[in-house]
Amino acid sequence: MPAAFLGHGSPMNALERNRYTEAWQAFGRSVPRPRAILIVSAHWYINATAVTAMAYPRTIHDFYGFPPELFAVQYPAPGLPALFEEVSEAVKPNWVGADTDSWGIDHGSWSVLRHAFPDADIPVVQLSINADKPLEYHLELGIRLNALRESGILIVASGNVVHNLRGMDPSRPDTGFDWAQRFDEAAQNIMLNRPADALALTDQRDYGLAVPTPDHFIPLLYLAGLAAASSEGAGTLIDGYSYGSLSMTAYTLGISCPGADSGSGGAAELPDGVPADGTNI
């Protein structure tokens, strides 16, 4: 199976059609049908490593201040409880817990999956981001998870390479600040050419501005680990910016996606009157 990192941006992208959602659709059309999707979302950021292990995961609306239409969205994909054992085996000696009732499919997952796989008929399992672990842990976990690709599991990571909500500027709906562009370009250079060195991004001068909190950056490390394990660089699916301080760049591994660059229009706007850091995007 191939793999991907998708820059998800505002959950309003779930309802809209733009150049980024068109790229996600192109990715979904190009993927051979997987046995299941294992997705690492920036929004399941807890103090443990866990996978969802329920037969019917609920759709979670983990955000604030958005219109009713977004809260009405459902992504009724089944789960695959048996995948817990496969993930546990793949990442040994690291420990993984089975979440049978507390989480589900959050908006970091369904906002991209409903474009890539709109029928919601492929089992979806989420892997949490362990906030107690160093960045090295997540890169290593990505390396170990690569074995699952050989058994029909599509691995998708969802976050944003640059994610600074306090720095967002409404006057820049489709452009990036200089520092955001520098960091995003540095990330592209590493992901395309030497993904095993992804942790070197923490030494970039713009890292503090681009990654004020690690939750949205860590998913990139999972794809970097997968790429390092397969000894190949990632490919850029789509790139661009939103509100100056968000990167919408997405990467794929092991697949070509015709039509990924055929869309138009910037990323979805935020609702009026709600500060970005009060929305949980």
TODO: Look at the stretch 245-259 and say how many of its residues are of a type in the set (Gly, Ala, Ser), open to solvent by less than 50 Å² (accessible area, probe 1.4 Å) and modelled with pLDDT of 95 or more.
DONE: 3
TODO: Among the residues of the stretch 55-87, count how many are without any contact (Cβ under 8 Å) to a residue 40 or more places away in the chain, within 21 Å of the chain's Cα centre (by Cα) and surrounded by 14 or more Cβ atoms within 10 Å (Cβ to Cβ).
DONE: 0
Open item on the list: Considering only the stretch 250-259, I want to know if a residue exists there that is part of a helix (DSSP H, G or I) and either in contact (Cβ under 8 Å) with a residue 24 or more places away in the chain or farther than 23 Å from Trp24 by Cα (or both).
Closed with: no
Task: Qualifying positions in the stretch 118-153 - part of a loop (DSSP other than H, G, I, E, B) and under 20 Å from Met54 (Cα atoms) - done: Asp119, Ala120, Asp121, Ile122, Pro123, Gly152
Task: In the stretch 93-111, the residues that are open to solvent by 50 Å² or more (accessible area, probe 1.4 Å) and under 18 Å from Gly142 (Cα atoms) - done: Pro93, Trp95
TODO: Taking Ser109 as meeting all but one of (1) under 18 Å from Pro34 (Cα atoms); (2) out of contact with any strand residue (DSSP E or B) (no Cβ under 7 Å at 6 or more places or on another chain); (3) touching a residue at least 12 places away in the same chain (Cβ under 8 Å), write down the number of the exception.
DONE: (2)
Task: Failed condition for Thr236, given (1) open to solvent by 30 Å² or more (accessible area, probe 1.4 Å); (2) modelled with pLDDT of 95 or more; (3) part of a loop (DSSP other than H, G, I, E, B) - done: (3)
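Only residues that are of a type outside the set (A, V, I, L, M, F, W, C), crowded, with 19+ Cβ neighbours inside 10 Å and more than 18 Å from the chain's Cα centre (by Cα): list them for the stretch 163-190, please.
Within the stretch 163-190, Gly167, Gly176 qualify.
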- [ ] Would you mind stating whether Trp110 is under 14 Å from the mean Cα position of the chain (by Cα), outside any strand (DSSP E or B) and of a type in the set (Phe, Trp, Tyr)?
- [x] yes
Task: Odd one out for Val156 among (1) assigned to a strand (DSSP E or B); (2) surrounded by fewer than 17 Cβ atoms within 10 Å (Cβ to Cβ) - done: (2)
Task: Breaking point among (1) more than 15 Å from Trp110 (Cβ to Cβ); (2) free of Cβ contacts under 8 Å to residues at least 40 places away in the same chain; (3) not β-branched (Val, Ile, Thr), for Arg19 - done: (2)
- [ ] Report the residue count in the stretch 191-200 for those that are among the aliphatic types (A, V, I, L, M), under 18 Å from the mean Cα position of the chain (by Cα) and open to solvent by less than 60 Å² (accessible area, probe 1.4 Å).
- [x] 3
TODO: Filter the stretch 37-54 for residues that are more than 13 Å from Ser128 (Cβ to Cβ) and more than 16 Å from the chain's Cα centre (by Cα) and give the result.
DONE: Met54
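The values are calculated or read from the model by the stated rules, or taken from the named source; none is laboratory data. For clarity, every value in this text was computed on a predicted model and none was experimentally measured. We place every Cβ from the backbone using ideal geometry, glycine too, and count neighbours over all the protein chains shown. Please note that ligands, DNA and RNA were not included when accessible areas were found on the heavy atoms of the full protein model with its side chains. Shrake-Rupley method; radii C 1.70, N 1.55, O 1.52, S 1.80 Å.
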